[in-house]
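Written out below as structure tokens is the structure these notes cover.
The values are calculated or read from the model by the stated rules, or taken from the named source; none is laboratory data. Everything quoted here is computed from the prediction, not taken from an experiment. All Cβ positions, even for glycine, are placed from backbone atoms using ideal geometry, and neighbour counts span all protein chains on display.
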Amino acid sequence: MQFDLRRFAPATERNRDFILPILRRVLPDRGRVLEIGSGTGEHAVYFAAQLPDLEWQPSEREPEALASIQSWIAHAGLANVAPPVLLDVLAPTWPLAAAGALVCINVIHYSPWECTPALFEGAARLLPAGAPIYAYGPYRRGGAHTAPSNEAFDAWLKQIDPRFGVRDLETVADTAAACGFRLDEVTAMPANNFSLVFRRE
């Protein structure tokens, strides 16, 4: 008997159908997509079902999250989702040697700042030239919040952990550039979020 250990995140259902068209356009036709911070696992199985020619590799820093991700994979019954791996972006080596793209949804603001340069440094070790990084979430523009709701969200994040927070888009882009990634696209999304697409130089 297999227990249902799936966790649910309401934001996943709200944003996935807006994210999917961008992923269809920017991800490679085939190959492995590494998802950083897969959370509950809902995004992984949804996008893998919609993009069947890609192999989706979920990952999480928190060991207790792996059970939910694995339960979602078992529930979906998809052949193109690999078992989740434990991955801390701050680690000097990651548990896979190569990928064709990297997806990072609601991670940069939910982690200490040092995770952002580590994310791009790790991606530079894995991705070939021209490969994309897709990053979704709220960002400040020109040092200012883009909406009062984002300012309130930023304050809420800092209550959870003072190291969390809505980042300056320009600072994230400069950090990516220092690791060999150019900011290729910025797309405004619902609920004052943005989709960022970086490309490996």
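Within region 15-26, can one find any residue that is touching an Asp or Glu at 6+ places or on another chain (Cβ under 6 Å), modelled with pLDDT of 95 or more, surrounded by 18 or more Cβ atoms within 10 Å (Cβ to Cβ) and not in a loop (DSSP other than H, G, I, E, B)?
No.
Between Gly130, Gly137, Gly100, which is within 25 Å of Arg25 (Cα to Cα) and in contact with a His (Cβ under 6 Å, 6 or more places away or on another chain)?
Gly137
Consider only pairs whose beta carbons are under 9 Å apart and that are at least six residues apart or on different chains; among these, list those whose first residue lies in region 110-139 and is of a type in the set (Lys, Arg) and whose second residue is surrounded by 18 or more Cβ atoms within 10 Å (Cβ to Cβ).
Arg125/Trp94
For region 39-66, enumerate the residues that are hydrophobic (A, V, I, L, M, F, W, C) and over 23 Å from Cys115 (Cα atoms).
Val45, Phe47, Ala48, Ala49, Leu51, Leu54
I'd like the full set of residues that are in a helix (DSSP H, G or I), touching a residue at least 40 places away in the same chain (Cβ under 8 Å) and crowded, with 18+ Cβ neighbours inside 10 Å, limited to region 45-69.
Phe47, Ala65, Ser68
Suppose we filter region 70-82 for residues that are hydrophobic (A, V, I, L, M, F, W, C), in contact with a helix residue (DSSP H, G or I) (Cβ under 8 Å, 6 or more places away or on another chain) and assigned to a loop (DSSP other than H, G, I, E, B); how many remain?
Number of matching residues: 1.
Of all the strands (runs of 3 or more DSSP E) wholly in region 83-201, which have at least 2 residues that are among the aliphatic types (A, V, I, L, M) and in contact with a Phe, Trp or Tyr (Cβ under 6 Å, 6 or more places away or on another chain)?
Where strands (runs of 3 or more DSSP E) fall fully within region 83-201 and carry at least 2 residues being among the aliphatic types (A, V, I, L, M) and in contact with a Phe, Trp or Tyr (Cβ under 6 Å, 6 or more places away or on another chain), they are 101-105, 181-189.
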